[in-house]
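Here the structure is laid out as structure tokens; the discussion comes afterwards.
The values are calculated or read from the model by the stated rules, or taken from the named source; none is laboratory data. Keep in mind the model is a prediction, meaning the values are calculated, not measured. Quick reminder, even Gly has a Cβ in these numbers, built from the backbone with ideal geometry, and neighbours come from all protein chains shown.
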Amino acid sequence: MYFYKVTAYNTNGESGFPQGVAAGFRMPTCLLKPPGSAYLISSTGSITIGWTMPSTGRGFTGFKVYRIKIPDGGVEYLGYTTEYQYTDTPPEKAPTVYEYHLSAVNSLGDGDLAGPVSVSLQ
């Protein structure tokens with residue numbers, strides 16, 4: 001919270017301080033909905049996932065894509081795209097299960113995660 005006091009100034013001098021005015025500041029939030037309907041497009045050699053527009057429809061600049069190796073892998077950031085699909089060549093082949101998550105992005109940050117899209121490599 002900030003507290004402001006303003007005085008007037010002219011050739012006769014400076015006025016006294018009136019009662020102060022308090023002003024609060026709240027950090028803006030991203031306000032983006034997650035991308036809709038993430039789905040598998042292909043898993044032959046590489047994995048391609050796709051998704052639909054976030055329900056907010058506008059205000060996003062692109063998408064961030066993440067991968068998790070199931071059951072014991074951590075979350076790995078794969079990249080940023082402005083397209084509605086992403087192709088990944090995972091480091092490990094069959095038998096492995098991966099989950100993909102994504103978020104819409106704008107100038108204020110990342111929205112909520114969408115997904116998972118689960119892919120089982122046989």
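Scan region 72-108 for residues that are surrounded by 14 or more Cβ atoms within 10 Å (Cβ to Cβ), more than 22 Å from S42 (Cβ to Cβ) and among the β-branched types (V, I, T) and the total you get is 1. Would you check if K69 is free of Cβ contacts under 8 Å to residues at least 40 places away in the same chain, under 19 Å from S120 (Cβ atoms) and exposed (fewer than 11 other Cβ atoms within 10 Å of the Cβ)? No, not satisfied.
On inspection, F17 does not qualify as part of a strand (DSSP E or B) and modelled with pLDDT under 80.
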